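Have a look at the structure below, then the notes.
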Amino acid sequence: MPDHHEDPAISFGPFRLLPKSRLLEKEGSPLHVGGRALDILIFLAERPGEVVDKRELVKRIWADVNVDEGSLRFHVAALRKVLGDTGKSARYVVNVPGRGYCFVASLAQPAAAAAQPTVDILPPRSLPAPLSRMVGREEIVEKIANGLSLHRFMTVVGPGGIGKTAVAVTVGHRRSQDFGGRVFFVDFGPLRDASHIATTIASALGLTISAEDPTPALLTFLKSGPTLVIFDGCEHVLDALAPLVERIVREAPQLRVLATSRESFRSEGERIFRLFPLDCPPEREGLDVAEVLAYPAAQLFVERIAQSSGPFQLSAEEAPLVASICRRLDGIALAIELAAGRVNAYGIAGTASLLDSRFSLQWRGRRTAVPRHQTLAAALDWSYDLLSPAESATLRRLSVFAGPFAPEAAATIAAGDGLSTSETLEGIDSLVAKSLISPSGSRTLRYRLLDTTRTYAHAKLNELGETRQVARRHAEHFREFFERADADTSTPLPEWLGIYGAELDNVRAALDWAFAPDGDTALGIRLTVAAVTLWVRLSLFAECRERTRTALAALGDNGDDRTRMQLLSALGWSLMYGEGRAREARPILETTFELAEKLDDKDFRLRALWGLSIDQFNNGQFGKARALADRFASAAANSPDSTDVMLSDRLMAVALHYLGDQNDARVRIDRVSASLHVLAEKPKIFPLDLRISTQYFRARILWLQGEADQAQALAARNIEEGRANGHALTFSSVLGQAACPIAFWAGDFDAAERHGAELLEHTERHAIRLWGLWARAFNAAVMARRGDIETGLPLLRDELNRAGDARFLPRFLPLLGELAACSGEADQVDRGLDVIEDVLTRCNDRQELWYLPELIRIKGELMLRSARHAGEAEARFREAMGIAAQQGARFWELRCATSLARLMIGAGQNAEAQTLLDNVFGAFAEGADIADMRIARDLVAQLRN
């Protein structure tokens, strides 16, 4: 890691910038700066006084990521805020119109580095436990550990079984403190499809990804602090992995990558470290015990004997035999360990003779010429031949697993064809004792095969023609497993994911086999249906969409209606929740409904109606959404499942809220809230958490009704519950539907900025595209409302344009209103009026009425700024007040009354203004501290004085 003493500081004003350490201090105290903003500062500060072209800056900071100038402006504005550089006369970073940006601060001599505070070091993430002692690798481990301070991308290259993983894990533990515990271990061994590389990395980093390209989310996380990522077993995915590693190393300056592979990446910036076999005793007579044990290969052999058989003392007679065994195994660590595992049964002499019988004289004479992987394969051949028929059959069959597996799954799949369950379990125990299977290190007992062992055993499975039969068992097991998972609605989500989410790689492997030419498409279709719940709860809507499309194509026109209905329902929901305004979602869901009617299937009838209603919301047809909510209510009324009625009320509450009927919406949402305590199971037809999603809509409704204190308290609890829940899409909605807008409407822009930043980071980490687009636009609106109209307004306009069709989603409506309002404050009145007219037309055409009073009020404020339209402003304020009162939206009514009162005061109508405010403001019992209440209170005081 960079040493501050070797990191030349750039000092300006009260600030000290340490580029290598990626640290900005103000008067000795570290400042929090976003990753992109810090990249911009470092690049500009290293070129003081030079105007850097915007295109060059974008290319340097974002590399090959396609971003527009609005993103640059956003991060420059964030940087200026941190520097306190927000006035008209910038002191540090200036914008040179038409050209770019320039760092103009006067540089001071570097000051002595402030003492760094002691921090608690977190334990390494996902890193296997360290070995008690590394045999013969201490010098190598030290070189690699030190090398990571100089080189950001190192690859340990060597043959299979030579100990690359053990070395990398030891380095990870040794450097853990330097990286503050941010050391991650990514095992590519189970991965069979290189298209899942990025999601495999994300899983090891603890991220949930719901987009087809998770790379931006990975980069966001990797830029957030010094990180060491260990990529293990890369040789089979090099073509796909190499460009990704090049990119993340280039774009995440604090990242170090340590990879293990049988061949190098041949990538830019890669530093190769070749791991050679352990040194072996020489082939000469008269070697004594001390001389033999001076060599690490013999040390490893003897230590592994002691570990598997108890205390062991090497005798003088056995020492030459041990030297011979080590030499003939070429110092390959795994082969030596396998041989040591046989000593308990055969003794050293017996083990040596078995080795002789397995390896020919040709091997003895050609050790250095034989490829190392062949030597390991020979060692595995020899070890395999020592197994009993039950053990070898068990090992072969276990090779079908991708990654770790549970004992129950192993027994189910490996048993059969003359092998009982008890024999299988005994075989697993024996294979563990012989180091062919190892515990995976998870909290619950799971086993894993080393990648080389799995590959070897799977080749044996193919040779014996058993692959299709065992692969079918594997797929059948996970079909049954996930059918049980779908029915398990009482287990809390974090625990559910711990049980079932760990099998994602096995589901993928089983589906890949089932839809391969030699697979079983019928079984693949059934497994796809069973796995839908897994993808939904992991927010993997893109994968769900592609897998269901594959299954539907395989089903063709002759499949049964029930299966088609289940697959179409999953496809429709994955489109609706993953893409928003997906045009193909509606016909898919309509077909689902027709099939549910034909089959008289209550659950899928409700799923289809729910999906169709949400699809109408997404496409702006609020009247139709309400009608579908009514149909859902009718279908749910006679359901024996009480949660169906709760879902009906929630769906209707949302419809009424958007249609502008806040009073009836409140009745419905309160009814759901009052019933949540009896909710014992997760509703089958709802992808989000019902408890949490009910409360964020309830908070919105409370706010509009003028119950500000209750709304804010509920939103705060909702944030904590959503964060603890762990469902990525649910937490996005928690922040976007309630926390962000309520803080914004309250005028608490510190909280709004905090929530908006958290939402943006969350969506980038989990690649939730639609909420990410909204978060960017929201953050620009906050910037504008905080007074930086010059930066915030064009950025808001750019972000809304970037959102494309997504801006027609209901969540974008207030941001369009803010665009119009901010245009007026920037003296762009006509432009603001054009925006407001377009949005009002949209609302009236779509019956999107909940925000209508505020839009009409904004139009009135814009008219006051226009000489042509000023006389019409009062009518607009009164119109907006009337609509707000009719809707039960007392918050909008208060805003409209305040605007109208100001206008009256300006016209000398003080008595009328006071009466108006007394009637509206006086009716509020909550929210004394929110901005609109303070403004109204000040106006009342002004009138009374």
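The values are calculated or read from the model by the stated rules, or taken from the named source; none is laboratory data. It should be emphasised that the depicted structure is a prediction, and the values quoted were computed from it without experimental measurement. Positions of Cβ are generated from backbone atoms using ideal geometry, with glycine treated the same way; all protein chains shown enter the neighbour counts. Keep in mind that these areas ignore ligands, DNA and RNA; they rest on the heavy atoms of the full protein, side chains included. Shrake-Rupley method; radii C 1.70, N 1.55, O 1.52, S 1.80 Å.
A few remarks follow.
- Counting only protein heavy atoms and a 1.4 Å probe, region 137-274 has 34 square angstrom of accessible area per residue.
- Label-point gap, in nm, between residue 841 and residue 484 - each point 7 angstrom along Cα→Cβ: 5.9 nm
- Å² per residue, accessible surface of region 449-580 at 1.4 Å: 37 Å²
- Most tightly packed first, judged by the mean number of other beta-carbon atoms within 10 Å of their residues, the peptides 702-709, 418-425, 147-154 read 702-709, 147-154, 418-425.
- Whole-Å distance, taken between Cα centres, linking region 189-235 and region 891-945: 54 Å
- For the chain, the gyration tensor built on C-alpha atoms gives an oblate shape. Its axis ratio a/c (a ≥ b ≥ c) is at least 1.5, and a/b is not larger than b/c.
- Using just its DSSP H runs of length 4 or more, each adding -39500 (n - 2.57), the chain gives a mean residue ellipticity at 222 nm of -19000 deg cm²/dmol after division by all residues.
- Net charge dipole size for the chain [Lys, Arg +1 and Asp, Glu -1 on Cβ; Debye, nearest 20]: 1060 debye
- For region 613-719: relative contact order, % (alpha-carbon pairs under 8 angstrom, 6 or more apart): 18 percent
- Cleavage-rule hits (GluC sites (Glu not before Pro)) in region 575-670: DSSP loop, at most 12 neighbouring Cβ within 10 angstrom: 584
- The value of relative contact order for the chain, using C-alpha pairs under 8 Å at least six residues apart, is 8 percent.
- Cysteines in the chain that, by Cβ-Cβ distance, have no pairing candidate under 4.7 Å: 102, 234, 544, 740, 822, 843, 896
- Using a Förster distance of 60 Å, the FRET efficiency for residue 20-residue 285 (Cβ separation, nearest 0.05): 0.60
- Residue 417-residue 546 FRET efficiency (beta carbon distance; Förster radius 45 Å; 0.05 resolution): 0.85
- Relative to the dominant Cα principal axis of the chain, helix 642-659 is inclined by about 50°.
- Carbon plus sulfur fraction of accessible area for region 387-464, probe 1.4 Å, in percent: 56 percent
- Percent accessible area from carbon and sulfur atoms, region 482-561, protein chains only, probe 1.4 Å: 52 percent
- Heavy-atom accessible surface of region 849-944, averaged per residue, reaches 43 Å², computed with a 1.4 Å probe.
- Amide N of region 610-635 lying under 17 Å from the label point, which is placed 7 angstrom from the Cα of residue 671 along Cα→Cβ: 626-635
- Think of the chain as having a plus end and a minus end, set by charges on the Cβ of Lys, Arg, Asp and Glu; of 238, 804, 420, 804 sits farthest toward the positive end of this dipole.
- Dipole of region 610-673 [Lys/Arg +1, Asp/Glu -1 at C-beta], most positive-end residue of 622, 634, 667: 622
- Using the Cβ-Cβ distance between residue 834 and residue 462 with R0 set to 60 Å, the FRET efficiency works out to roughly 0.30.
- Carbon/sulfur fraction of accessible area - region 137-274, other protein chains in place, 1.4 Å, %: 47 percent
- Taking the C-alpha atoms only, the angle from helix 662-675 to the longest principal axis of the chain is near 40 degrees.
- For the chain, the longest principal axis of the Cα atoms and the long axis of helix 451-463 meet at an angle of about 70 degrees.
- Relative contact order of region 488-600, defined on C-alpha pairs under 8 angstrom at six or more residues apart (%): 20 percent
- Charged side chains reduced to their Cβ positions (Lys and Arg at +1, Asp and Glu at -1) give region 610-673 a dipole of some 120 debye around its Cα centre.
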